[in-house]
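The values are calculated or read from the model by the stated rules, or taken from the named source; none is laboratory data. What you see is a predicted model; the values in this text were computed from it and never measured. All Cβ positions, glycine included, derive from the backbone under ideal geometry; neighbour counts span all protein chains shown. Heads up: the accessible areas ignore ligands, DNA and RNA and are worked out on the full protein's heavy atoms, side chains in. Shrake-Rupley method; radii C 1.70, N 1.55, O 1.52, S 1.80 Å.
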Amino acid sequence: MSEQTFNEVITNHFEKLDLYTTAITRAHGKNHPEAFEVRELFEKLSKKVKDAGTNKPDLDGEFAQLRKITNNYAIPGDVCETYAGTYEMLSEVDKAYQA
């Protein structure tokens, strides 16, 4: 059941996350260089999910890095809704993966 939940979260969020992670690097990369790392890690997650097919990919390392660089998805005070939404969605994907 948790596998399906993870897959549902991926289905619901990955397309939007692809757009959002690109957008936040453009809008906030100068003041928030971690946005580039978030984008890079999302690309790695996305590739591993795609490569795994119906199997559950090993994403522990990527999620550990994401939690570290985002301070457990803490939303900075000076960012837009897209940035906040990115962290919220990544947090949901992380939780679904860990379930």
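Observations on the model:
- Test for N55: is it at pLDDT below 95 and surrounded by 12 or more Cβ atoms within 10 Å (Cβ to Cβ): no
- Index of the failed condition, K50 passing every other in (1) loosely packed, with under 14 Cβ neighbours inside 10 Å; (2) at pLDDT 95 or above; (3) not in a loop (DSSP other than H, G, I, E, B): (2)
- Here V9 passes the criteria (1) crowded, with 17+ Cβ neighbours inside 10 Å; (2) without any contact (Cβ under 8 Å) to a residue 40 or more places away in the chain; (3) under 25 Å from A99 (Cβ atoms) except the one numbered (2).
- Number of positions in segment 25-47 that are over 18 Å from N71 (Cα atoms) and either part of a loop (DSSP other than H, G, I, E, B) or open to solvent by 40 Å² or more (accessible area, probe 1.4 Å) (or both): 6
- Residue ID - surrounded by the most Cβ atoms within 10 Å (Cβ to Cβ), chosen from residues in segment 58-72 that are aliphatic (A, V, I, L, M) and assigned to a helix (DSSP H, G or I): L66
- Search result, residues across segment 23-56 that are touching a residue at least 12 places away in the same chain (Cβ under 8 Å) and closer than 15 Å to Y97 by Cβ: L41, F42, K44, L45, S46, K48, V49, K56
- Qualifying residues in segment 73-99 (those that are touching a residue at least 12 places away in the same chain (Cβ under 8 Å) and in a loop (DSSP other than H, G, I, E, B)) - the one most open to solvent (accessible area, probe 1.4 Å): D78
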